[in-house]
Amino acid sequence: MGRLTEAAAAGGGAAAARSAGPPPTPLPLSSTSPGCAAAMASSEEDGTNGGASEAGEEREAAGKRRRRGWLATAWLIFYNIAMTAGWLVLAIAMVRFYMEKGTHKGLYKSVQKTLKFFQTFALLEIVHCLIGIVPTSVIVAGVQVSSRIFMVWLVTHSIKPIQNEESVVLFLVSWTVTEITRYSFYTFSLLDHLPYNFFIILYPVGVAGELLTIYAALPYVKKTGMFSIRLPNKYNISFDYYYFLLITMASYIPLFPQLYFHMLRQRRKVLHGEVIVEKDD
């Protein structure tokens with residue numbers, strides 16, 4: 001699923017750091033998880049303590065930057081530059097293919113190696129969280145990265161008849177524009193307002209592309225039984241990839257609105273300085 005949840009939260013830390021001192025080193029992931037946002041909001045409800053709370057957050061962010069060593073900072077800068085370049089290469093290849101061929105058929109096959117490499121390379125973002133050089137939730141990063149890996153390897157790569165579907169182009173274009181904007185922002189801090197506006201359209205478009213691609217794959221999966229385990233077998237277990245895909249599609253119904261409206265709240269917080277109180281269910 002879409003990834004700009006990270007960008008929306010990361011901007012909050014960047015804006016606070018700029019008001020306190022020199023521009024921060026761009027980070028590849030969010031510095032504020034939903035739980036952190038709720039805690040910060042509740043601490044600012046008392047108007048008399050608002051200024052002190054904000055100053056404390058700035059000092060905490062500065063402390064985290066100081067604790068990150070120069071080697072980790074250099075790696076994060078290299079990582080974001082490499083990812084920006086990779087998605088730019090993918091974008092250029094897609095444009096050139098369409099200009100030369102005049103059709104989307106065969107587009108995925110022409111860019112699949114680049115797509116697989118850089119999307120799989122994004123697994124390092126989970127490692128960044130695990131080792132602590134990026135202060136964000138491992139669970140959030142893991143869900144977002146793994147959903148992309150699932151679409152690339154277990155759906156589009158594995159089910160070749162769907163590679164020429166228009167829906168594949170839909171999520172490819174959405175992912176490419178999103179990632180170029182996101183990694184450019186992290187690297188250069190020049191596109192700080194764009195991630196908070198682009199996602200409003202690109203996130204739903206990307207999700208639509210993912211769902212339509214899975215839907216197009218269903219007849220092939222049902223016919224071939226790929227990735228399915230049938231009984232009887234020596235392990236006495238069964239698994240049906242067709243129904244797994246149906247369940248995956250259904251999971252978008254509760255998850256998409258939650259993520260999308262969380263991103264809208266973070267956008268208001270960053271762009272308009274609103275204090276968002278997220279209530280526990």
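Each residue in the stretch 224-277 was checked for being open to solvent by less than 70 Å² (accessible area, probe 1.4 Å), farther than 28 Å from Leu154 by Cα and not in a helix (DSSP H, G or I), and 2 of them qualify. Give the residue that is nearest to Thr136 (Cα to Cα), with candidates limited to residues of the stretch 64-82 that are surrounded by 14 or more Cβ atoms within 10 Å (Cβ to Cβ) and modelled with pLDDT under 75. The qualifying residue nearest to Thr136 (Cα to Cα) is Lys64. For Tyr203, the stated conditions do not hold, so it cannot be described as touching a Lys or Arg at 6+ places or on another chain (Cβ under 6 Å) and either closer than 23 Å to Ile149 by Cβ or loosely packed, with under 15 Cβ neighbours inside 10 Å (or both). Pairing residues of the stretch 133-156 that are within 19 Å of Met83 (Cα to Cα) with residues that are modelled with pLDDT of 95 or more and not in a helix (DSSP H, G or I), at Cβ distances under 7 Å and at least 6 apart in sequence or on separate chains, gives Val145/Ala122; Val145/Leu123; Arg148/Ala122.
Only one entry in Leu123, Leu90 is more than 21 Å from Ile162 (Cα to Cα) and either in contact with a strand residue (DSSP E or B) (Cβ under 7 Å, 6 or more places away or on another chain) or not β-branched (Val, Ile, Thr) (or both), namely Leu123.
The values are calculated or read from the model by the stated rules, or taken from the named source; none is laboratory data. Because the structure is a prediction, the values reported are computed rather than measured. In this analysis, Cβ positions are derived from the backbone assuming ideal geometry, glycine residues included, and neighbour counts consider all displayed protein chains. Please note that ligands, DNA and RNA were not included when accessible areas were found on the heavy atoms of the full protein model with its side chains. Shrake-Rupley method; radii C 1.70, N 1.55, O 1.52, S 1.80 Å.
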